[in-house]
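This report concerns only the one structure given below.
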Amino acid sequence: MNAGYEFLQKALADFGLAFPAENVQRVYRYLCRVLQANRELNLTALTSWEDVVSKHLLDSLALLKTPWWEEKQANAWDPLLDVGSGAGFPGLLFALLFPEKDVFLLEANKKKARFLQTIKEEERLSRLTILPDRAETLGQLAPYREQFSLVTARAVARLPELLELTLPFCRCGGFLLAYKGPQARQELAEAARACAILGGQLHTTYSYALPWEKGERTLLFFTKVSPTPARYPRRPGIPGKRPLL
């Protein structure tokens, strides 16, 4: 058996996760394609198998270890929208592991969006949709605005800006999941005003350590308690230039 595949299997097991062999094989092929395509497309700064497995794969799948997931998994994330998917973490992983779910990947970078489309076609993910556009644009369109039960975002922006890019997509009663690093508490304090304006409310947090001493991480769960005012998100570039502090 391939050493990289064995490493992946053991890493998932040690992290407390188990999936059907067919789905693990999909993930293995995908991670190989990320490293292969990275040489030309600059998909990720990580170039070693261990780093990709730990800092991308396991970090993305930490959601599946949370009490929120154990309680909500049956009905709380279909459809799912991943904002700023990049190379596909975490949204494409969920499409690979749960192909029966409707998953949407929003990625404005055209080269990265084409890579995501390639993986969709290679793995025949019929319920995966790639959206090659900006969050500020699609967040104002009826087919996407307040339509998603779960919105995810990882390594996209600091929280005040991120909330404006993501909460408009979340339906009332739905959830936003933001993947954050050691500065999660500081970002939460910065984002209090934005959260209130945009209709969100902090629901819970989940902190964890990546294996092999790769760092500390925190998942921030927000619930959508009221509709986002129509003026948000503002036009492209404005949430980053003038965040709601």
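A short reminder: the numbers here are calculations on the coordinates, not readings from a lab. Because the structure is predicted, anything quoted here is derived from the model rather than measured. Cβ placement follows ideal geometry from the backbone for every residue including glycine, while neighbour counts extend to all protein chains displayed.
Summing charges over all other residues whose Cβ lies under 12 Å from the Cβ of Thr228, with Lys and Arg as +1 and Asp and Glu as -1, gives +3.
Applying 1/(1 + (r/R0)^6) with R0 = 22 Å to the Cβ-Cβ distance of Ser207 and Lys72 gives a FRET efficiency near 0.75. Quick one: Cα centre-to-centre distance for the range 195-225 and the range 15-70, in angstrom? Using only Cα atoms, the two centres lie 20 Å from each other. Going by the alpha-carbon gyration tensor, a ≥ b ≥ c the square roots of its eigenvalues, is the range 54-241 rounded (a/c under 1.5) or, if a/c is not under 1.5, prolate (a/b greater than b/c) versus oblate? Judged from the Cα gyration tensor, the range 54-241 comes out rounded (a/c under 1.5). Remark on Ser207: its backbone amide H falls under 5 Å from those of Leu219, a criterion applied only to residues 5 or more positions apart or on other chains, H modelled at 1.01 Å from N. Antiparallel beta bridges, as assigned by DSSP with both residues in the range 54-241, represent about 45 percent of the total such bridges. Within the straight-line cut-off of under 26 Å between alpha carbons, the lysines reachable from Lys224 are Lys65, Lys72, Lys101, Lys180, Lys241, sequence neighbours fewer than 8 places apart in one chain being disregarded.
Report the FRET efficiency, 1/(1 + (r/R0)^6), for Glu22 and Arg185, where r is their Cβ-Cβ distance and R0 is 30 Å, rounded to 0.05.
On the way: r = 40 Å, r/R0 = 1.32.
Efficiency at R0 = 30 Å is approximately 0.15.
Please build a GNM for the chain, connecting alpha carbons under 10 Å apart, and tell me which residue among Thr152, Thr47, Thr218 fluctuates the most. Largest GNM mean-square fluctuation: Thr47. Toward the positive end of the charge dipole of the range 54-241, with +1 on the Cβ of Lys and Arg and -1 on the Cβ of Asp and Glu, the farthest Cα among Gln201, Gln140, Phe104 is that of Gln140.
Taking a sphere under 11 Å around the Cβ of Ala113 and counting the other residues whose Cβ falls inside, with K and R at +1 and D and E at -1, yields a net charge of +3. Under a 5 Å amide H cut-off, with hydrogens placed 1.01 Å from N, Thr152 pairs with Leu81, Asp82, Val83, Leu177 among residues at least 5 apart or on other chains.
Quick one: net charge of Asp133's neighbours, Cβ under 12 Å, K/R +1, D/E -1? My count for the surroundings of Asp133 gives 0.
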